[in-house]
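Quick notes on the structure that follows.
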Amino acid sequence: MLAYAIRRLLVLIPIMWIVATAVFLLLHSAPGDPAAFMLGSDASADQQAELRHELGLDRPLYEQYFDWLGKAVRGDLGESIFLGKPVTSALAERAEPTILLGSLALIISLIIGLVTGVLSAIRRASWLDLSLMSGAMAGVAVPTFVTGLLLIYIFAVKLRWLPVAGYEPISAGLWPCLRYLILPAITLGAFEAAFLSRMTRSMMLEVIGQDYVRTARAKGLVERDVIIRHTLRNAFVPLLTIIGLMVAALMSGAVVTEQIFAIPGMGRLLIQAVVRRDFPVVQGAVLIIAILYVLTNLLVDLLARVVDPRIEL
Amino acid sequence: MIENTFESLRRKSFSRRGFLVAGLGVAGAALLQACGGQEPLETATSASSQSTTASQSSTSTSSSSPTTSIGGAGTPSAASTTAAVATSAATKPADVEHKKGGTIHVAIIGEPPVTADAMFTTNFITTDITRQIYEGLFAQDSKLGPKPMLLDAFEVSDDGLTYTFKLRTGVKFHNGDEMDADDVVASLTRWGKMTGRGKQIFALMAADGLKAADPQTVTLALKQPAGVLPVFLALYEGFITTKEVCDAIGTNKMPDDQIVGTGPFKFKEHQVDRYIKLERFDDYAARTDEADGLAGKKVVYIDELDIIPVPNISVATSGVVTGEYQFARDVDNNQLEVLKSSPGVTAIIKKPGGWICLNYNKKMGAFTDKKLRQAVSMCFDREQTLIAAYGVKELTRMDPSIAAPETIWYSTAGKEVYEKVDQEAAKKLVQESSYDGSPIRWLTTKEYLYHYNTAAYVQQQMEAIGLKVELLVSDWATVVERRAKPEVYEMLVAGLSGSWMPATQLFNDSSWPGFWVSDQRDKLVSQMIEESDPDKLQKAIDEYQALIYDELPFMKIGDDFTLQAIRDEVVGFDTGANDWYFWNCSLK
């Protein structure tokens, strides 16, 4: 298992290089100019050219590429053009809101997704199944910006229970922080839960008809044990992959949700950097996200082995 | 088989029940929407009656304070000064009892590229913040004309070549230092190096023309007259900071720890994407003359001004409705009615705003032919286009002027061309033109919907007169890059400011997209820059505008206004022509 983990970690190196190069080339081949964005639309062409020169954006592309790559290898992701600070510290500042929001959304989605998925499967074709799966269908179909705005309208504007948007760090206290995160976490969690619920139901139904489940029932096990120990555990291996992808997606920033709720997380930073053509930030953020995905996938594979020892790595 | 039949029966029966549940859910949702979503009509009516009163109050405020702008060109004949759909928030500061204390939260759409350095960028968020912290030698009055701010007095020599600025004494910077002539010279030197308008003035300046004659006097000597100088210096970019800051940062963008101004608010803290906090500057040296727009006496009653980036403007509006923010700088046009019927909130229609035009590529392609420009210019209805572009008629205005009616540079020259819409005549002009039937490439974006909506509407009108139009839709950054390349497009929509002096409009630069080259234009711009006599300046503006409607480098469609929202607990907020500020107002 250790050798497998090391092998997978070594694969990270070419993956990171490919991702970095692809992002660099894509960004620089797309039209748009950070100098124009920084100086505003009234700035003259001369002023823009001056700033481009200062930022080193008028240098040949290969020179910019090798310069960036050389620094990245040494852990220096460059400096944000817009924020005027190192990319690593810009990303580090955004980690707390994203991790907190992602974790909360993950808890919501796991609880709702797994419970409703299992209930739907064991009450297959009942009114409960129909209602839950209709809800899940709606959850998958409704975009997060609609859910977000709807939640703001109900819970912030009409009921005045929670703030409309913003963020307070955890250092300000648990409740001050949580009250800003509840609505975005539900928005994000509901979407993920809906997806997970449908997948859980499918996986459970696949397993529930297996001989060993019938055998378990025949030998007199109580239904709870049949479902939890025999059905869910076996359905859990493919679900782990899905949950792994969910974790990676949630921890790398929720672009739309963070924008709507004005949360200063990774997703918001990334989308703003794309719009402003803040190349170093986009490159740095994508690199971090790629690493996150690779590591999560590795973790999922190792966990799958723990859950099901028959799996060979 | 039996099991299958049973299953099928079960499904049928529960599916009916399911439908019932779903139906009840939908009905419930609809009921909820009907009860909670529909705003009561009475409130809307009362809001609109409030608006009328406020508008009257706003008008009387304007007329009661005499305008003594420098270089003014008279009051526009057709000007409408009822700028805001405002309520009690528009109350004149002197009329209300102010209470000290509290924090005002302002929702803005995003993060500035630099917190408060309007010399570095023209980004509006930066200029919004700069305005609260810094002051210049002049400031814009309620007609957007210049009035002395950091000056006690100033003199212009008879030949118009030498300006002598006498600085106010006892004006302190936020770091406690007293402002003197060296600070002014250093700041204006930076302005001359960094800004387009500064460079324009410095190009006219005599060698070593900017000097500190004594600690309270600055002289500026020019090679040729520049009557426009006070107008330029009243803009936010002409702010004064300390010599030490200027020496330390040069022409680089100003870091947060170097923000030192003389304004009524001082910088406190900046957390990127969370807030920018400003606090009252207790040692602020206020002028004694009556407040007039951004000029005159400034008193800060609130303790703190928190500027909060909220990227989604619907959410920002909701925040004003719930009271989390006291002011939203930008509100979605579609929420005007919602605001009007929200208790405790006032919708502000900010005039002047900008204006939009069809900008033709005159460097190459079909629109080098003036006849085709004339044809397109007269083929579309201005009002319908404005409604298509902005959705709400109340937020637009048909007007031919390059400078808005709320400014001192208003002109009606060219009105007949602006108002002429005649599709038959347009068709004839197309036939007479050199148009060869090739598609007219129109650069547009959906990032700013008015661009795309205008293009989609006018495209139909152009096709009705026999032109082929191809919309090239991309993101805004791509439009910005492509519009500098004359070979890739024929036309695009341009949005321009209505509050600027016409000589400073972007299209006066021949390299600006559209590429308008005109000797006559250059001559008139020079006249506008040189002239200090109001009547002569107005004549130059009229001629300049007539030239625009004759040469048709672009066709103005109309004015658009910014919709903003403020809570009624803010007392004394100025809803006039100036950009927002929070001195001379307080919290109830």
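Each value in this text was obtained by applying a stated rule to the coordinates, not by laboratory testing. These numbers were taken from a predicted model, which means no experiment stands behind them. Methodologically, a virtual Cβ is constructed for each residue, glycine included, from the backbone with ideal geometry; neighbour enumeration extends over all protein chains shown.
Taking 0.36 nm per residue of sequence separation and removing the Cα-Cα distance, the B:Val473/B:Thr164 pair yields an extension gain of 106.1 nm.
Model label sites at B:Asp256 and B:Gln460, defined 7 Å from Cα along the beta-carbon direction, differ in position by 4.9 nm. For A:Arg217 and A:Ala138, a Förster radius of 22 Å and the Cβ-Cβ distance give a FRET efficiency of 0.10, rounded to the nearest 0.05.
Radius of gyration over Kirkwood radius for the stretch B:121-181, both on Cα atoms: the Rg/Rh ratio is 1.03. Considering only B:Leu429, B:Leu386, B:Gln326, and ranking their Cα positions along the charge dipole of the stretch B:319-429 that arises from unit charges at the beta-carbon of Lys, Arg, Asp and Glu, the one farthest toward the positive end is B:Leu429. Shown in residue order for the stretch B:312-320 are the 3J(HN,Hα) couplings computed by the Karplus curve 6.51 cos²θ - 1.76 cosθ + 1.60 at θ = phi - 60°: 9, 6, 5, 5, 4, 5, 4, x, 6 Hz (x for Gly and Pro). When the P(r) is computed for the stretch B:353-562, the part past 25 Å accounts for 34% of the Cα-Cα pairs. Working note: Karplus 6.51/-1.76/1.60 with θ = phi - 60° gives the stretch A:203-212 the couplings 5, 4, 5, 5, 7, 4, x, 6, 4, 5 Hz, where Gly and Pro are set to x. Rg and Dmax of the stretch A:2-73, based on Cα coordinates, read 17.4, 59 Å. The stretch B:169-208 to the stretch A:162-237: how many Å between their Cα centroids? If we compute the Cα centre of each part, the gap is 64 Å. Under a model in which nothing but the beta-carbon of Lys, Arg (+1) and Asp, Glu (-1) is charged, the protein assembly as shown shows a dipole of about 3960 debye around its Cα centre. With a simple spin-label model that places each label point 7 Å from the Cα along the Cα-to-Cβ direction, the separation between B:Asn175 and A:Lys158 comes to 5.4 nm.
Classified by the C-alpha gyration tensor, the stretch A:94-307 has a prolate form. Its axis ratio a/c, with a ≥ b ≥ c, is 1.5 or above, and a/b is larger than b/c. Farthest toward the positive end of the dipole of chain A, out of A:Met199, A:Ile242, A:Gly40, is the Cα of A:Met199, where the dipole comes from beta carbon charges about the Cα centre.
Taken one residue at a time, the phi angles of the stretch B:106-113 give Karplus couplings (6.51, -1.76, 1.60, θ = phi - 60°) of 10, 8, 10, 6, x, 9, x, x Hz. Gly and Pro are set to x. The mean number of partner chain beta-carbon atoms within 10 angstrom of a residue's beta-carbon across peptide B:474-484 is 4. Run the quick spin-label model on B:Lys536 and B:Lys427: label points 7 Å from Cα toward the beta carbon, then report their separation in nm to one decimal. Taking the simple label geometry, B:Lys536 and B:Lys427 are separated by 5.0 nm. A full extension of the chain between B:Ser518 and B:Lys588 corresponds to an added length of 19.7 nm, given 0.36 nm per residue minus the alpha carbon distance.
Listed by Cβ neighbour count within 10 Å, with the fewest neighbours leading, A:Ile271, A:Ile288, B:Ile566 appear as A:Ile271, A:Ile288, B:Ile566. Exposure proxy ranking for A:Met251, B:Met119, based on other Cβ atoms within 10 angstrom of each Cβ and starting from the fewest, stands as A:Met251, B:Met119.
Our summary of shape: the Cα atoms of the protein assembly as shown have principal axis extents of 111, 64, 61 Å, ordered from largest down, in whole angstrom.
Potential lengthening of the chain between A:Ser89 and A:Ile111 amounts to 4.6 nm, from the contour at 0.36 nm per residue minus the alpha-carbon distance.
Could you tell me the distance between the Cα centroids of the stretch B:341-358 and the stretch B:429-500, to the nearest Å? Result: 26 Å between the Cα centres. Going down the list B:Lys100/B:Lys298; B:Lys99/B:Lys147; B:Lys340/B:Lys393, which pairs span over 21 Å between their C-alpha atoms? Among B:Lys100/B:Lys298; B:Lys99/B:Lys147; B:Lys340/B:Lys393, the Cα-Cα distance tops 21 Å for B:Lys99/B:Lys147.
Summary of packing: across the peptides B:321-333, A:132-144, B:391-403, B:137-149, the per-residue average of other C-beta atoms within 10 Å ranks them, highest first, as B:137-149, B:321-333, B:391-403, A:132-144.
Compute the signed sum of charges (Lys and Arg +1, Asp and Glu -1) over the other residues within less than 11 Å, Cβ to Cβ, of A:Ile242. So the surrounding residues net to 0. Simple rule: put +1 on each Lys or Arg Cβ and -1 on each Asp or Glu Cβ in the stretch B:134-234, find the dipole, and look at B:Ala213, B:Val228, B:Leu137; the Cα lying farthest toward the positive end is B:Val228.
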